[in-house]
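What follows is a short report on a single structure.
The values are calculated or read from the model by the stated rules, or taken from the named source; none is laboratory data. Keep in mind the model is a prediction, meaning the values are calculated, not measured. Cβ sites come from the backbone with ideal geometry, for glycine too, and all protein chains shown count toward neighbours. For the accessible areas, the whole protein counts, side chains as well, though only heavy atoms, and no ligand, DNA or RNA atoms are used. Shrake-Rupley method; radii C 1.70, N 1.55, O 1.52, S 1.80 Å.
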Amino acid sequence: MKTVRTDLPRSLHELEHVWIPMSDGCRLAARIWLPDDAEADPVPALLEYIPYRKNDGTAVRDAARHAYFAGHGYASVRVDIRGSGDSEGILLDEYLPQEQEDAVEVLAWLAAQPWCTGATGMFGISWGGFNSLQVAARRPSSLRAIVTLCSTDDRYADDVHYMGGCLLGIDALSWASTMLAFNARPPDPAVVGERWRELWLERMEQSPPFIEAWLSHQRRDAFWRQGSVCQNYAAIEAAVYAVGGWADPYRNSVFRLLEGLPGPKKALVGPWSHCYPEEGVPGPAIGFLQEVLRWWDHWLKGIDTGIMGEPVLRAWMQDSVPPAPFYAERPGRWVAEEAWPSPRTELRPVELRFPAEQVVGAQEHGLLAGDWCPYGNADELPPDQRPEDGLSLCWGSEPLAERLELLGFPEVELQVSSDRPQALVCVRLCDVEPGGASTLVTRGLLNLAHRDSHEHPSPLEPGRRYRVTIRLNVVGHAFLPGHRLRVAVSPTYWPWAWPSPEPVTLTVYSGRLDLPVRPARAEDAALAPFQEPESAPPLEHDVLRAEEVGTEVVRDVAGGRFELTLKQDYGGRRRIRRSGIEFETTGFDRFTIVAGDPLSAYARSDRTDNLARDGWRVRVETSSAISADAERFHVSNSLDGYEGDVRVFTKAWTKTIPRDCV
């Protein structure tokens, strides 16, 4: 239970709308929470910089978090990125240099304000975590520290677009469709006045479907290297607190940042999905705002809070659980390491002897993979994996004689051949209970054309043996005595991985599993507990319709057709009381495929955005789709804008993009 505090140390006020001018004449819209006495007693400034609309989309959560920081002696600032919310301009793609340059100007503006000490910090989850890292790499003079949550250091390896060189069918189109709808929403007439319609039409006309650019760069080229701070960790001098969750898709970067950053750093990984830890699901949630205040106080105020004397990594070691699509809590305990990579972790090799050599790719393998990016809702996590295991080539260990704890990146080395020049491999590591239930622990994908390089892929020679290494996602998991480890191998994983152009038979000649085994550490029992979650009061609002999400798998076994539908809903329909604005985003993602026919793969995403206030009512509808033949991807997008019930804008895009070893 989160405590809502109204007894914050410093009284505060809110500036609902402030324009921040950019050097090219564009203005960015900001909301600022300030201690009442900041003019007389200046404070450091904290920036959250995202495209999700400060007036409605994130207004409820913003109030709870930013007011809390302001009440503890910070100017907390929420800025809409250029082309989003009430900010001017057009948002052309994620994480472009323009976005980073604007942020550097925003930080300089904040540092120069009379209520600011000149010291700044930056924080955010997902998009805001990405650009916190990217902006830190530009070394703004005022930026002392950042907190980056659920983000990545490598835009190609760990984001919604590609995984192991495989196109992420599950999320690339879905997120691009969501952003197409988000970017087409108008600014608030209450802020920008009568120009809102002109600006809205301009946005709809000029905002591109992001999927076209993402799909046009199928290998790790300059497009992806831009904004990937792993290209030069040493560029970051600000202190970095990296935070992730075992159920979040961005957890790998936390450990890479710990290993790569040469400067001050700290990391925290809980059992959470894609959410802030004070609201963490699966639980336990923690008092994350108090933890972050200790970080800000140390780096921005010079107060010795003791935070840098603690272990560099703190992680939740998850106990084995029965498979389920949702967990309110994950049993386990907090563990810590003084350094990463930890010199105490042993890489233990296990020989894999599969009962057969060949596995024929089943196109429906992967329908029980769960969501790529869970948000803590019901029906998002992978259920029992036995149906998936039955479609794979599997190795199983003997029952364990004792508890086995893993912390780090498992790796699987395979000697394989393919009967086709283009193939992929999916490897899953599962925890099998004595009764047979199979819980997914971690997984990895590799486009075999990328076996040597993501920059320079090359087709396979059919029948030739290759030795390949698949690095699985980082994990903190304890296998219990009597349980078995299972490694499952398949050349398909739809819709996570877009299927190879032809049906593939994969031959596996030998294999090895390297397990990052973590020995017990007595000091873990003495770790100080986190405080209980708390926040400032959220913005007063009404829930007009509760959120409705869900997953449905339809199997037409006789016809060999399979369909996965994900119902998307971003918080239901809500009304902000003080402004009267109502908003909602809903939609569906549908993925279909036919057994034996990888070219039947089809993904479609539909989104509807509604905004309303006192007789003003607008709606944006988008539809996006991807299909492929043996040589090309076919992409379509459409956008319609409605004022009331009258359609005032329509546009459609179609594009054919050559397959590049995908």
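Note on the chain: with neighbouring protein chains present and a 1.4 Å probe, carbon and sulfur make up 51 percent of its accessible heavy-atom surface. Placing +1 on the Cβ of every Lys and Arg and -1 on the Cβ of every Asp and Glu, with no other charges, gives the chain a dipole of roughly 700 debye about its Cα centre. Heavy-atom accessible surface of the stretch 385-514, averaged per residue, reaches 33 Å², computed with a 1.4 Å probe. Helix content alone sets the calculated 222 nm mean residue ellipticity of the chain: runs of n ≥ 4 DSSP H residues at -39500 (n - 2.57) each, divided across all residues, give -4500 deg cm²/dmol. Charge dipole of the stretch 1-66 (Cα centre as origin; +1 on each Lys and Arg Cβ, -1 on each Asp and Glu Cβ, all else neutral): 380 debye, rounded to the nearest 20. Counting only aspartates and glutamates at least 8 places from LYS655 when in the same chain, those with an alpha carbon closer than 13 Å to its own are GLU212. Since only SER76, GLY580, ALA213 are under comparison, the one whose Cα sits farthest along the positive direction of the charge dipole of the chain, derived from C-beta charges on Lys, Arg, Asp and Glu, is ALA213. A 1.4 Å probe run over the stretch 256-369, with the rest of the protein chains in place, finds 39 Å² accessible per residue. Among the GluC sites (Glu not before Pro) within the stretch 497-551, those in coil by DSSP and having at most 12 neighbouring Cβ atoms inside 10 Å are GLU540, GLU548.
If you place +1 on the Cβ of every Lys and Arg and -1 on the Cβ of every Asp and Glu, how big does the dipole about the Cα centre of the stretch 192-349 come out, in debye to the nearest 20? Show your work: numbers first, answer last.
Values: 17 positive and 20 negative charges, 80 e Å.
Charge dipole, the stretch 192-349, about its Cα centre: 380 debye, nearest 20.
Working note: Karplus 6.51/-1.76/1.60 with θ = phi - 60° gives the stretch 124-134 the couplings x, 10, 6, 3, x, x, 4, 6, 4, 5, 5 Hz, where Gly and Pro are set to x.
Hand me the GluC sites (Glu not before Pro) from the stretch 303-387 located in a DSSP loop with no more than 15 other Cβ atoms within 10 Å, in residue order please. Working shown, then result.
Working: sites: GLU329, GLU337, GLU338, GLU346, GLU351, GLU357, GLU364, GLU380; in loops: GLU338, GLU357, GLU364, GLU380.
The qualifying sites are GLU338, GLU357.
What translational diffusion coefficient, to the nearest whole µm²/s, does the chain have by Stokes-Einstein, given a Kirkwood radius computed over alpha-carbon pairs, a temperature of 10 °C and 1.306 mPa s viscosity?
Values: Rh = 25.7 Å.
Translational D for this selection: 62 µm²/s.
Spin-label model, ALA526 to ARG353: label points 7 Å out along the Cα-to-beta-carbon direction sit 4.5 nm apart.
Take the stretch 531-648 with all the other protein chains still there, run a 1.4 Å probe, and you get 46 Å² of accessible area per residue. Within the stretch 392-452, report the trypsin sites (Lys or Arg not before Pro) that DSSP leaves as loop and that have at most 12 other Cβ atoms within 10 Å. Sparse-neighbourhood loop trypsin sites (Lys or Arg not before Pro): none present. Distance between the C-alpha centres of the stretch 377-451 and the stretch 161-186: 26 Å, rounded to the whole angstrom. The alpha-carbon of LYS301 sits under 26 angstrom from the alpha-carbons of these lysines, leaving out residues fewer than 8 places away in its chain: LYS265, LYS266.
Tell me, how many Å apart are the Cα centres for the stretch 233-290 and for the stretch 57-79? The distance from the Cα centre of the stretch 233-290 to that of the stretch 57-79 comes to 20 Å.
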